[in-house]
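The values are calculated or read from the model by the stated rules, or taken from the named source; none is laboratory data. What you see is a predicted model; the values in this text were computed from it and never measured. FYI the Cβ positions are ideal-geometry reconstructions off the backbone, even for glycines, and counts take in every protein chain you see.
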Amino acid sequence: MNKLFEFQDTHQERIIHSRTWKHAWYRLVLEGAGDIFRELTKDYICPNYIYEKIKRIEQHFKLMEIQGYPETGIHPDDSLQTTYKANKKEMDLLLKFWEEQPVETEIQDVARKLNIALITGDYDLAKDCVKVIKAEFDL
């Protein structure tokens, strides 16, 4: 196991897969972003797997736009705000660990920034990161 994968496996993965989460939809968005980073630490990278996870993130962006976010917002249970309130300890730890996550390549750093952006609600940065990752793999 390489050091990047091991760090994420022993830090972020333990949090995102813990049974303490409430309001799980946004957790799935975060899980998908983490999976993208994990894939980028492997010797063989599967672009289709990355695309599957990107589609989950883009689906969340689309729901936000369809329902007029931020004016009216998506269903409150599916929002970052509700997830953060219900899981403050987990979200704070995820942010801390993503900020500390080592990287070896530029695209890994983009995936790391994607995770941070989704945790902090910086959706413009998150969308930019998704574009860069898609372009990297012609998705």
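Close contacts from segment 28-54, counting a first residue that is closer than 19 Å to residue 7 by Cα and a second that is assigned to a loop (DSSP other than H, G, I, E, B), with Cβ to Cβ under 8 Å and a gap of 6+ residues or different chains, come to 31/17; 37/101; 39/45; 39/46; 40/105; 41/2; 45/137. Can you tell me which residue within segment 72-108, out of those that are of a type in the set (D, E, K, R) and crowded, with 17+ Cβ neighbours inside 10 Å, is nearest to residue 43 (Cα to Cα)? The extreme case among them is 90. Each residue in segment 7-24 was checked for being over 20 Å from residue 129 (Cβ atoms) and aromatic (Phe, Trp, Tyr), and 1 of them qualify.
Look at residue 53 and say whether it is charged (D, E, K, R), modelled with pLDDT under 95 and closer than 29 Å to residue 137 by Cα.
Working: charged (D, E, K, R): yes; modelled with pLDDT under 95: no; closer than 29 Å to residue 137 by Cα: yes.
When the stated conditions are applied, residue 53 does not pass them.
The number of residues in segment 96-131 being assigned to a helix (DSSP H, G or I) and under 17 Å from residue 35 (Cβ atoms) comes to 18. Here residue 62 meets the list (1) at pLDDT below 90; (2) exposed (fewer than 15 other Cβ atoms within 10 Å of the Cβ); (3) not in a helix (DSSP H, G or I) almost entirely, failing just condition (3).
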